[in-house]
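Values in this text are rule-based calculations from the coordinates and carry no lab data. Treat the numbers as computed from the prediction; the structure is a model and nothing was measured. So basically every Cβ, Gly included, is an ideal-geometry build from the backbone, and we count neighbours across all protein chains shown.
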Amino acid sequence: MSIIEHIRLLTGGVFLLGGLVLFALELYGIYHMKYVLNRMHAAAIGDTLGISFCLIGLMIFSGWNWTTLKMALVVLFLWWSSPVSSHLISRLEVETNPELSKHLKKGTLEEITESKEEQS
Amino acid sequence: MTKEALELIYSNIYYVVLIVLALMLFVCLVRAIRGPRIADRIVAVNMMGTMVMVGIAVLSLLLKEGFLVDICLIYAMISFLAVIVITKIYVREYIKEHQKEVEEDEHH
Amino acid sequence: MSKLKQTQDYEKTASFKFFRWISGEKDPYIGTIEMQEQSEHQVEDDTITERMWEKQMIIDEIYDVDHNRILTKFHKLYKIAAVLFCVALTFFLLLTVSYLPRTGNAANPDNNEVAQRYIESGLQETGAVNIVSGMILTYRAFDTFGETNVLFIATVCVMILLMVDEKTLEERSEARLNSGRIKDDIILQMTAKFLVPFILIFGIYVILNGQNSPGGGFSGGAILGAGLILYANAFGIKPTQRFFNEKVYRIAKVSALCMYGCIGLYYYTMGANHLADHIPNGIPGHILSGGIILPIDICVGLEVACTMYAFYALFKRGGL
């Protein structure tokens with residue numbers, strides 16, 4: 001077997017393993033954080049970098065194929081749409097939680113502006 | 001290394017990856033059941049979808065069928081669309097109920 | 001000489017009464033049975049207060065979590081029993097599945113000469129590399145026609161139940177509260193501007209490749225519908241109505257179904273009489289192959305896309 005096969009096996013394996021480690025980190029983060037707005041930081045790791053490493057590893061395993069191109073398209077689509085999903089979920093949380101100020105350090109925007117107007 | 005040995009190595013790698021992904025899926029499911037807010041559950045389901053996408057891609061290489069990656073792309077699109085529609089509907093319903101309660105309090 | 005009875009004697013006989021009953025001059029019940037008119041059921045105030053008192057007593061005594069020991073025991077048992085029930089159900093279902101014969105076993109009842117004919121001469125007769133697509137759209141095209149009909153009937157039923165005319169909808173949307181919804185989100189609009197053409201093109205790709213790779217009309221139509229739903233969600237209903245309103249929807253749906261029927265009819269008559277049909281089978285693996293499959297795929301795809309979007313729009317706002 002030529003050296004290229006060795007290199008392909010090694011690099012692809014490293015990327016795939018790295019992706020799985022990132023998924024495991026994401027799972028740990030989801031359980032460690034206390035509030036959902038913090039958990040979304042952890043979830044975003046897996047959605048963008050985790051799946052990219054896994055799919056790049058699989059692309060290296062597969063070689064120059066149409067399959068490789070389709071996997072690259074999947075990665076691009078996910079990079080585009082995953083932040084928008086996070087944005088919408090955070091909007092949902094902010095607008096439907098009546099006890100939001102409990103979790104914030106300083107307060108919501110209205111409270112901060114009100115307190116500034118009272119001071120001045 | 002002969003060709004059969006190489007194939008065997010690749011197959012074993014794919015099997016191990018699939019088993020690990022299945023375990024992680026189960027852990028995500030526990031988070032989806034336990035999470036106190038709705039946003040917890042939506043985030044957990046999104047994560048499960050991402051792990052399933054990796055699983056589909058691995059399966060497509062394991063079975064040597066190239067067209068299964070199309071299904072991966074379709075799954076990504078549909079899960080993205082589902083998040084959008086769920087958030088919009090929930091916020092609208094919540095605000096409707098909230099307005100009704102505020103009006104009732106003002107009446108009384 | 002016959003004797004005719006007198007009138008008074010005749011009126012006492014049974015035959016007179018019988019004939020009178022048949023002709024309907026006299027109703028046998030009126031005047032003999034007295035019926036009272038029914039009045040509305042009046043509920044007295046005492047019973048109302050008694051029922052309210054009983055309801056309050058039930059709520060106080062039985063749902064009192066602090067003092068009702070049976071209730072707390074039930075709550076604890078309920079969780080355990082729910083988990084046990086799910087596990088038992090899963091176990092029994094898996095046990096039943098394990099009794100099924102292995103797929104592909106030679107002694108299975110579905111391994112008869114029909115499946116063999118499809119597999120052996122499927123590629124040659126239909127020209128499709130994907131045997132499943134080839135089978136459901138050439139050998140079993142009539143079943144698929146029935147399914148497309150079902151989709152049509154489903155949307156018609158939903159329209160009957162849920163559709164409101166445009167004037168009432170506009171009045172309703174003006175009266176509704178408009179503040180605070182996630183409306184005109186700029187991030188979502190920018191994303192939708194770039195993603196919707198991509199999704200629509202991908203849907204068309206899946207439809208056109210029905211005979212070469214898994215996909216076909218149904219999944220491609222679902223993707224097209226998803227693209228339209230994304231556009232309607234991001235920009236609102238008015239920009240979507242510029243290119244997909246009720247008129248376009250009607251024309252697309254009815255013409256897709258009718259075209260499927262006409263193409264199918266032509267093909268059935270040609271194929272059943274072993275005449276050569278004008279749509280060639282082509283080289284397997286190319287886009288323009290598969291004979292009848294490509295036009296039928298396009299019709300089915302349009303149908304499913306319209307169905308998906310119509311369900312979304314009708315359930316969300318009551319009009320297309």
key: Length-normalised contact order for chain C - Cα pairs under 8 Å, 6+ apart - percent   = 21
request  = Identify all aspartates and glutamates with a Cα-Cα distance to C:K238 below 13 Å; exclude those on the same chain that are fewer than 8 residues away in sequence.
outcome  = C:E166, C:E170, C:D184, C:E246
ask   = Going down the table (B:K88/C:K79; A:K70/C:K193; A:K105/C:K316), which pairs top 31 Å between alpha carbons?
value = B:K88/C:K79; A:K105/C:K316
request  = With a ≥ b ≥ c taken as the square roots of the eigenvalues of the C-alpha gyration tensor of the protein assembly as shown, please select rounded if a/c is under 1.5 and otherwise prolate if a/b is larger than b/c or oblate if it is not?
outcome  = oblate
ask   = What is the ratio of the Cα radius of gyration of chain A to 2.2 N^0.38 Å, where N is its residue count, to two decimals?
value = 1.54
message = Please state the shape class of chain B: rounded when a/c is under 1.5, otherwise prolate if a/b exceeds b/c and oblate if not, all from the C-alpha gyration tensor.
response = oblate
Degrees, to the nearest 10: C:14-23 long Cα axis against longest axis of chain C = 40
request  = Take the Cα coordinates of region C:47-94, assign each an equal point scatterer, and use the Debye formula without solvent to give log10 I(q)/I(0) at q = 0.22, 0.29, 0.31 Å⁻¹.
outcome  = -0.77, -0.95, -0.99
query = How large is log10 I(q)/I(0) at q = 0.07, 0.10, 0.12 Å⁻¹ when the Debye formula is applied to the Cα atoms of chain C, each weighted equally and without solvent?
reply = -0.64, -0.87, -1.01
query = When we measure straight from the Cα of C:K17, which lysines land under 18 angstrom away, once same-chain ones fewer than 8 places off are left out?
reply = C:K5, C:K26
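Peptides B:68-80, C:139-151, A:102-114: what's the order by average Cβ count within 10 Å, highest mean first? Before the final figure, lay out each step's value.
Details: B:68-80: 20.8, C:139-151: 15.4, A:102-114: 10.6.
Ranking the peptides B:68-80, C:139-151, A:102-114 by packing returns B:68-80, C:139-151, A:102-114.
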inquiry  = Straight-line reach from C:K253: which aspartates and glutamates fall under 15 Å, measuring Cα to Cα and dropping same-chain residues less than 8 apart?
reply    = C:E147, C:D297, C:E303
